[in-house]
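Values quoted throughout were computed directly from the atomic coordinates according to the rules given, and no laboratory measurement underlies them. Because the structure is a prediction, the values reported are computed rather than measured. Neighbour counts are summed over all protein chains in view; Cβ atoms, including those assigned to glycine, are modelled from backbone coordinates with ideal geometry.
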Amino acid sequence: MQILLIILAFVLVLVVILQVGKVVELVSVMRDEDERTEDTSNSVGFLFLLSGIILGVFIAYTTYTEYGKFLPVPASEHGVWIQDLVDITLYITGIVFIITNVLLFYFAYKYRYKRNRKALYYPYNNRIEILWTVIPTLVLTIIIGLGLNKWFKIFSAAPTEAIQIEVTGKQFAWVVRYGGKDNELGKRDFTLSTVENELGVRWKDKQSKDDFLSDEIVIPVNTPVHVNIGALDVIHSFYLPEFRVMMDAVPGIPTKFWFRPTITTEQMREIKKNPEFDYELACNQLCGTGHWNMKKTVKVVTEAEYKAWFAEQKSYYKQNIAKIQGEDASLDNDVIAEANPSKN
Amino acid sequence: MVTSATGEHALSMIGAGGHHKETFITKYIFSTDHKMIGKQFLFTGMAWAVIGGLFSVLFRVQLAWPDETFPFLEQIFSNWFDEGHMTPEAYYALVTMHGTIMVFFVLTASLSGTFANFLIPLQIGARDMASPIMNALSYWLFVLSSLIMLASIFLPTGMASAGWTIYPPLSILPQASSGSGMGMTLWLVSMVFFIASQLLAGINYISTVLNLRTKGMLMTRMPLTVWALFFTAVVGLLSFPVLFSAAVLLVFDKGLGTSFYLSDIFIGGKALGYSGGNAILFQHLFWFLGHPEVYIVILPAMGIVSEILSISSRKPVFGYKAMILSLLGIVVLSFLVWAHHMFVTGMNPFLGSVFALFTLLIAVPSSVKVFNWLTTIWRGNIKMTVAAVFSLGFVSMFISGGLTGIWLGNATVDIQLHDTYFVIGHFHLVMGVAAFFGMFAGIYHWFPKMFGRFMNETLGYIHFFITFIGGYLIFWPMHYLGMSGVPRRYYDFNEFHAFNEYHDMNLLISVSAIVVFAAQFIFVINFFYSMKKGRKSTELNPWKANTLEWTTPIEPGHGNWLGELPTVYRWPYDYSKFEEGPDFIPQTVPLTEADIESDKRLLH
């Protein structure tokens, strides 16, 4: 019933608009064509200018109120570089945007049809064409030069002291693994993947023994973090908006991203004036029906807090030795001995 | 030689200008007349646009009111709602189909299909396309493709829901998404017919432009619409086969167990047997079409707008040769930028830097076009017809959406903005709204040639102003959402407090979207009402334009011209050339002494 009424009202409005249109048309055809064109161009030209002014005010107002408020403060070293580039690009494109749009609306209004005026026959001017080919080329070259300079820095090799973390996407969660005491991630083999060992970690690899899994990503401030990114099933994307970090997680193709966080969670809570605030890891590549719900909390803490947290973590291998032994009979004895010192 | 022979042949076949008997079926259904085929593409495209628009309104309702229940929507779309809420499955399926329908069926098939078919023969002085049969076949393959896609909407397992970009493995594995079962299969089959349709059409447009120009219609005397449609066909012909190959490999992976795109997949507790494939390979193949595709969408609109701005300003288009060269520049560069959709897929940073460079360079020909449009209307005498305001609106949308491309093309900035709402705002302004504006401008302008009647102007203006302001209200705030990190393709933002602070913006966007969608029915009503009962066109040349289509009878029959084909003596933009006399000189008027004098003066 409700729908029927809405549709009925909608149709009624359309019919009224159509009738008005017909009446206006009937009245207007009786007049001289040139005069009619001039009048229409007058009023429509004015309305077009007015709509331009309304849009200009809307855009100026929203930019003024929202620009600072919306952008999350960059919480990493390279995030600041990107922010600077965004600002430069905003100024350059903003100036061009204002000039071209203002000219468009102004010309459309100023040169609207007049019976006794004739347009200027001005088919080309090659000098002007060259000028406005060369200037944009130069400006764009500068923008891309600034951008690529930072681009290669962002994708440079991670510093050797970087903390090694592995984040693997699956429908619809993230699995986080740390390199442990030796800061080296144990090797993986996809053919070893089972329900218990979905990452397919090679337990034979000595480096896997001290690796641990974590429910949260905990990282120390001002220390480089090297994230090894992967996926089990479909493509996901590792996305930390505040840190300006984004990298796809592709099954079968390892990817990586390193960054240096500069603002701790506590500091960000103060900046945002929100005691509840937490950094969050999100998925940014459509991965199925739960794509919108792949959250993982990220905590940036001080060096001391990180050390304390790190000391509490227990090796995944040691915690699950019983299960692993049952599964993989080929484990050598010294590995088992190392894992179960009490049995000696 | 070839031209006149084919022309004579066509004329003798149809009997002096199309007064032979035609049945309803040969005239309206299995027509080989390029004008009728153009209209058929237009009608089919309008039907698709309503469906595609409706889908977007439905998912905007979900984004604006995620916590409300909509029992009345559930009554109509019972498959997609559960207890009054849209299901995530339905949300992703609707998003996918909205993109597919709008990009391929409306803005590719219908925009090019309508105007290339309708305008190319009329504007170059040909009686029909080079191969009318192939042309009809192209339309009927499009219908077949449409029907298959339409059928997929009603599947119990749901339509394709892996995004319009159908990235594998999601699009291949039914375990990963229920839409990747039969829904995806139908999507692929539909796309195969669609590509075949596009290729037949493209070959036809190209050969028509190259071979069937009338006497005197040099390439350098062609209207910019024809140039733009010609380049569009070239781009389509070179890029669609790559999508075809990508789709074929996807079908193999899906049905035959090959591993072109799949490797190391562990899903549902099982390791699948695929190995050695590369999921990123698909993205390269897809975007090799996908990026030129946005130019396939925008080039015809650019041509239409150049033509209409010149006619309504009563001024030649500024820098005709620069306009053609910039079109050519866009065509060439459009094949060198595809991987800017893939900056964060983990590809080699050096490769990324090359694509970033070319991407920013493609902004140069685009900005040349904008400056030329502005100079075209400068010191003109602009008749504010409905087509003219839509063209002006196009330029504004193209500027606003184009400039944000400079943000996204810069790989470093893209790390922050990739796949956020900023991208949605950018491409909807520049290739969504702008391309639609080009299409609307073209429909309002050539309606008298299509149906011998005018569309109602008042309704046209109402349609324009609501769509213009509404378009900005929908897509402008999306840039702020994107800059604050809100990702696209999220069913609900409640889970993340970083994305959940912008409910007001989402509400504004959704309400504007509903209003704009409703306003499109003003256009639909105007279109069908005017087709039957609009004001009759009584003049041959109502807009006082120079191009050849206005030298045909008001409603041309099959064959277009009654007698001989017209001969062309000049370029199509001699508006306001002389102080005295009418302010336009059609292409069929021979050059005079005064013309030669005037051209000489300009050279110095």
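Obtain the nm distance between the two label points defined at B:Leu562 and A:Lys187 by a simple spin-label model: each point lies 7 Å from its Cα along the Cα-to-C-beta direction.
In this crude spin-label approximation the distance works out to 8.6 nm.
What 222 nm value per residue comes from the helices of the protein assembly as shown, counting each DSSP H run with n ≥ 4 as -39,500 (n - 2.57) and dividing by all residues, nearest 500 deg cm²/dmol?
It comes out at -19000 deg cm²/dmol, rounded to the nearest 500.
With a 10 Å Cβ neighbour count serving as the proxy for reagent exposure, in which order, fewest first, do A:Lys153, B:Lys315, B:Lys383, A:Lys272 appear?
By the 10 Å Cβ count, ascending, the order reads A:Lys153, A:Lys272, B:Lys383, B:Lys315.
Across peptide A:103-115, how many C-beta atoms of other chains are within 10 Å of each residue C-beta, on average?
Mean partner shielding for this stretch: 6.
Take the Cα of B:Lys544, step 7 Å along the line toward its Cβ, and report every residue of region B:373-395 whose backbone nitrogen sits under 16 Å from that point.
Under 16 Å, as judged by backbone N against the label point of B:Lys544, lie B:380-386, B:388 of region B:373-395.
Using the alpha-carbon atoms, what tilt in degrees (0 to 90, nearest 10) does helix A:77-110 show relative to the longest principal axis of chain A?
10 degrees
What residues have an amide H closer than 5 Å to that of B:Gly346, excluding those fewer than 5 places away on the same chain, when H is modeled at 1.01 Å from N in the peptide plane?
Here A:Asp248 satisfy the definition.
Which value in nm describes the separation of the simple spin-label points at B:Phe252 and A:Phe10, placed 7 Å from the Cα toward the beta carbon?
Label at B:Phe252, label at A:Phe10, 4.7 nm between them.
Mind jotting down a quarter of the surface of the convex hull over the alpha carbons of region B:485-568, in square nanometres, one decimal?
The Cα convex hull of region B:485-568, projected and averaged over all directions, gives 11.0 nm².
Pull out the extension gain between A:Glu303 and A:Phe152, defined as 0.36 nm times the separation in residues minus the alpha carbon to alpha carbon distance; nm, one decimal.
Once the chain is fully extended between A:Glu303 and A:Phe152, it gains 51.6 nm.
Positive end of the charge dipole of the protein assembly as shown (Lys, Arg +1 and Asp, Glu -1 on Cβ, about the Cα centre): tell me which of B:Leu111, A:Ile54, B:Met97 has its Cα farthest that way.
B:Leu111
Find the relative contact order for region B:2-603 and round it to a whole percent, using C-alpha pairs within less than 8 Å whose residues are 6+ positions apart.
Taking the mean separation of contacting Cα pairs over the length of region B:2-603, I get 16 percent.
Near the amide H of A:Lys299, under 5 Å away, which other amide H atoms are found, from residues 5 or more places off or on another chain, if H is placed in the peptide plane?
Amide H neighbours of A:Lys299: A:Ile217, A:Val218, A:Ile219.
Could you size up the charge dipole of region A:1-61 around its Cα centre, putting +1 on the beta carbon of Lys and Arg and -1 on that of Asp and Glu, and report it in debye to the nearest 20?
420 debye
Grab the beta carbon distance between B:Glu495 and B:Phe521, set R0 = 22 Å, and tell me the FRET efficiency rounded to 0.05.
Rounded to the nearest 0.05, the efficiency is 0.05.
By how many degrees, between 0 and 90 and to the nearest 10, does the Cα long axis of helix A:126-154 differ from the longest principal axis of chain A?
Its long axis makes an angle of about 20 degrees.
Provide the gained length on full extension for the span A:Glu35 to A:Phe58, in nm with one decimal, where the gain is 0.36 nm per separating residue minus the Cα-Cα distance.
4.8 nm
Treating only the Cβ atoms of Lys and Arg (+1) and Asp and Glu (-1) as charged, compute the dipole magnitude of the protein assembly as shown about its Cα centre; round to the nearest 20 debye.
Here the protein assembly as shown has a charge dipole of around 2540 debye.
On a 0 to 90° scale, report how tilted helix B:2-14 is relative to the longest principal axis of chain B, with both axes built from alpha carbons and the result rounded to the nearest 10.
Computed tilt is about 90 degrees.
Using the Karplus curve 6.51 cos²θ - 1.76 cosθ + 1.60 with θ = phi - 60°, work out ³J(HN,Hα) for each residue of region A:67-73 in order, rounded to whole Hz, and write x for Gly and Pro.
Each residue's phi maps through the Karplus curve to give 4, x, 5, 7, 5, x, 4 Hz.
In percent, how large is the relative contact order of region A:33-154, given Cα pairs closer than 8 Å and 6 or more residues apart?
Rounded, it is 51 percent for region A:33-154.
Need one word for region A:33-154: rounded, prolate or oblate. Basis is the Cα gyration tensor (sqrt eigenvalues a ≥ b ≥ c); a/c below 1.5 gives rounded, then a/b vs b/c decides.
Taking the square roots of the gyration eigenvalues as a ≥ b ≥ c, region A:33-154 is oblate.
I need the phi-derived Karplus couplings for region B:50-67: 6.51 cos²θ - 1.76 cosθ + 1.60, θ = phi - 60°, integer Hz, Gly and Pro marked x.
Running phi through 6.51 cos²θ - 1.76 cosθ + 1.60 with θ = phi - 60° gives 5, 5, x, x, 4, 4, 5, 4, 4, 6, 5, 4, 4, 6, 7, 10, x, 9 Hz.
Mind checking the dipole of region B:2-603: about its Cα centre, +1 per Lys or Arg Cβ, -1 per Asp or Glu Cβ, Debye to the nearest 20?
My answer is approximately 1460 debye.
For A:Cys283, list long-range residues whose amide hydrogen, built 1.01 Å from N in the peptide plane, is under 5 Å from its own amide hydrogen.
A:Met294
Project the alpha carbons of chain B onto their principal axes and report the range along each, largest first, in whole Å.
82, 51, 49
Dipole of region B:355-461 (Lys/Arg Cβ +1, Asp/Glu Cβ -1, origin at the Cα centre): which of B:Phe358, B:Leu408, B:Ile443 lies farthest to the positive side?
Farthest along the dipole direction, towards plus: B:Ile443.
Between A:Thr137 and A:Tyr67, with labels modelled 7 Å along Cα→Cβ, what's the label distance in nm to one decimal, could you check?
Placing both labels 7 Å beyond Cα along the Cβ direction yields 3.1 nm.
Nearest 0.05, what FRET efficiency do B:Ala594 and A:Lys110 give at R0 = 41 Å with Cβ-Cβ as r?
The value I calculate is 0.90.
First measure r as the distance between the Cβ atoms of A:Lys318 and B:Val143, then evaluate 1/(1 + (r/R0)^6) with R0 = 56 Å and state the FRET efficiency to the nearest 0.05.
So, using R0 = 56 Å, E works out to roughly 0.30.
Please list, by residue number, every one of the chymotrypsin sites (Phe, Trp or Tyr not before Pro) in region B:515-604 that is coil in DSSP and has at most 16 other beta-carbon atoms within 10 Å.
Filter output for region B:515-604: B:Phe578.
May I ask which residue of B:Gly183, B:Ser306, B:Gln123 lies farthest towards the positive end of the charge dipole of the protein assembly as shown, with charges of +1 (Lys, Arg) and -1 (Asp, Glu) on Cβ and the Cα centre as origin?
Of the options given, the answer is B:Gln123.
Order by neighbour count: B:Met483, B:Met182, B:Met217, fewest other Cβ atoms within 10 Å first, most last.
B:Met182, B:Met483, B:Met217
Roughly how crowded by other chains is peptide B:256-266, in terms of the mean Cβ count from those chains within 10 Å of each of its Cβ atoms?
4
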